[in-house]
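Trainee: The structure's right below; bear with me while I get my questions together.
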Amino acid sequence: MDANQLAATITALAITISDTHTPEEIALLASVFVQLGDTLATLATKRAADAAHRTQTGE
């Protein structure tokens, strides 16, 4: 799947969710996915930092 297909898939999913849920449910789902994205970014950053540290120190 290329970047455009990924964006189109995510957009289609968002439209489907918005068509089948209340505004309150949509807002909650949006905040859940934001938190999920932020947590994944934090974990990826920490793993990269740990790997760089191990490379620098020879561990």
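Trainee: List every residue pair whose Cβ atoms lie under 8 Å apart, where the two residues are 6 or more positions apart in sequence or sit on different chains, the first residue falls within segment 1-24 and is at pLDDT 95 or above and of a type in the set (S, T, N, Q), and the second residue, located anywhere, is surrounded by 10 or more Cβ atoms within 10 Å (Cβ to Cβ) and part of a helix (DSSP H, G or I).
Mentor: 18/26
Trainee: Same structure again: From the residues in segment 1-24 that are among the hydroxyl-bearing types (Ser, Thr, Tyr) and farther than 19 Å from residue 37 by Cα, which one is surrounded by the most Cβ atoms within 10 Å (Cβ to Cβ)?
Mentor: 18
Trainee: Working only within segment 37-47, note down all residues that are open to solvent by less than 90 Å² (accessible area, probe 1.4 Å) and either in contact (Cβ under 8 Å) with a residue 12 or more places away in the chain or not polar (S, T, N, Q) (or both).
Mentor: Result: 37, 41, 43, 44.
The values are calculated or read from the model by the stated rules, or taken from the named source; none is laboratory data. Given the structure is predicted, the values throughout are model-derived calculations rather than measurements. All Cβ positions, glycine included, derive from the backbone under ideal geometry; neighbour counts span all protein chains shown. Just the protein is used for accessible areas: all its heavy atoms, side chains included, with ligands, DNA and RNA removed. Shrake-Rupley method; radii C 1.70, N 1.55, O 1.52, S 1.80 Å.
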